[in-house]
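One structure is given here, and the rest of the page talks about it.
The values are calculated or read from the model by the stated rules, or taken from the named source; none is laboratory data. Everything numeric here is computed off the predicted structure, so don't read it as measured data. Using ideal geometry, Cβ is built from the backbone for each residue, glycine included, and neighbour counts are taken over all protein chains shown. Ligands, DNA and RNA are stripped out before the accessible areas are found, and what is left, the full protein with its side chains, is counted by its heavy atoms. Shrake-Rupley method; radii C 1.70, N 1.55, O 1.52, S 1.80 Å.
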Amino acid sequence: MRAWIGMMALACAFSVQAAPKVAVTDLAYQERVEQYIHIVSAQSNHNQSYYGASGSSSYNEIEATTSYIEQGELRKFTGDIKGEILRTGMFQLVQGTPYTSASKGDVYDVIKRIKAGNFKGADYVLFGTVSDIDFNNDINELANTDSYSAVLALTLVADFSLINTKTFEITSAFTAMGEGQDTKLMNHRDIRVSLNRPRVVRDVSKSLGEDVAGQLSQQLGGGGYEQPGQAPRRNNLPADIAPVILR
């Protein structure tokens, strides 16, 4: 009887499908950088000879503005995304190759990066891009008082796509937002206050991670991750398909 129970437990263990592996990219961004160029050159030549002195001078000035597109990845906001995804129990995490200034190609061409082997071992890639980031540092007068509030606030909005590394199918797509702020009260407007920027960044990262995990859970079904007031959902990820040779 014990042997039969042991065999049944072993069979059940092998029948449980392991959670698919996902690589989470850092948040891609693109911005236009402008440079002001001002070059001044002056040259003077004087020659002295038996017949007298002669000379010449030249003056050149160049003024221009150039611009170029810079691409990269933000590395501050994905730690909590990974942590919250692990908490859902839906995925295992694998580390992908980050995009750097030495990387060749477009940071937004995630399909090319997958084909290049930047996410080895991953069944899916969660690709995120920054769509808006807003940092505000304001001093506001409180109504009917002689006090002021100093506020440092950060809002980050990013678009995400969950991409199958074998079929390149987009399995899930959504926009997530992270917010954070630090507020201090003061009696005079010209008082210098030190607002906690690291805590604001931490709060943004935490709320962004929770929003990403919550939306993945809603679209795909979240194993152990439950939103407040919502029942657990089943995992709706498509089953792996064996490769087919086209003739």
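Given the structure, is Phe160 surrounded by 15 or more Cβ atoms within 10 Å (Cβ to Cβ), closer than 16 Å to Ala23 by Cβ and in contact with a helix residue (DSSP H, G or I) (Cβ under 6 Å, 6 or more places away or on another chain)? When the stated conditions are applied, Phe160 does not pass them.
Working only within the stretch 137-170, note down all residues that are touching a Phe, Trp or Tyr at 6+ places or on another chain (Cβ under 7 Å) and within 24 Å of Leu208 (Cβ to Cβ). Break it down stepwise before answering.
Here is the first cut: in the stretch 137-170, the ones touching a Phe, Trp or Tyr at 6+ places or on another chain (Cβ under 7 Å) are 139-142, 154, 156, 160-165.
Of everything in the stretch 137-170, those that are touching a Phe, Trp or Tyr at 6+ places or on another chain (Cβ under 7 Å) and within 24 Å of Leu208 (Cβ to Cβ) turn out to be Leu154, Leu156, Phe160, Ser161, Leu162, Ile163, Asn164, Thr165.
Only residues that are part of a loop (DSSP other than H, G, I, E, B) and either in contact with a Leu (Cβ under 7 Å, 6 or more places away or on another chain) or surrounded by 13 or more Cβ atoms within 10 Å (Cβ to Cβ) (or both) were counted in the stretch 170-192, giving 0.
Would you point out which residue out of Val204, Val200, Val107, Val212 is in contact with an Asp or Glu (Cβ under 8 Å, 6 or more places away or on another chain), crowded, with 16+ Cβ neighbours inside 10 Å and modelled with pLDDT under 90? Spell out how you get there, then give the answer.
Working: Val204 fails: modelled with pLDDT under 90; Val200 fails: modelled with pLDDT under 90; Val212 fails: modelled with pLDDT under 90.
Just one listed residue meets the conditions, Val107.
Within the option set Ala116, Ala143, Ala122, Ala150, being more than 24 Å from Thr175 (Cβ to Cβ) and open to solvent by less than 20 Å² (accessible area, probe 1.4 Å) holds for one residue only, Ala150. A residue that is among the hydrophobic types (A, V, I, L, M, F, W, C), closer than 12 Å to Ala28 by Cα and under 14 Å from the mean Cα position of the chain (by Cα) can be found somewhere in the stretch 96-117. Among the residues of the stretch 152-166, some residue qualifies, meaning at least one is more than 16 Å from the chain's Cα centre (by Cα) and of a type in the set (S, T, N, Q).
The criterion of being out of contact with any strand residue (DSSP E or B) (no Cβ under 6 Å at 6 or more places or on another chain) and touching a residue at least 12 places away in the same chain (Cβ under 8 Å) does not hold for Asp134.
In the set Thr129, Thr165, Thr183, Thr175, only one residue is within 20 Å of Lys206 (Cα to Cα), β-branched (Val, Ile, Thr) and modelled with pLDDT of 95 or more; that residue is Thr175.
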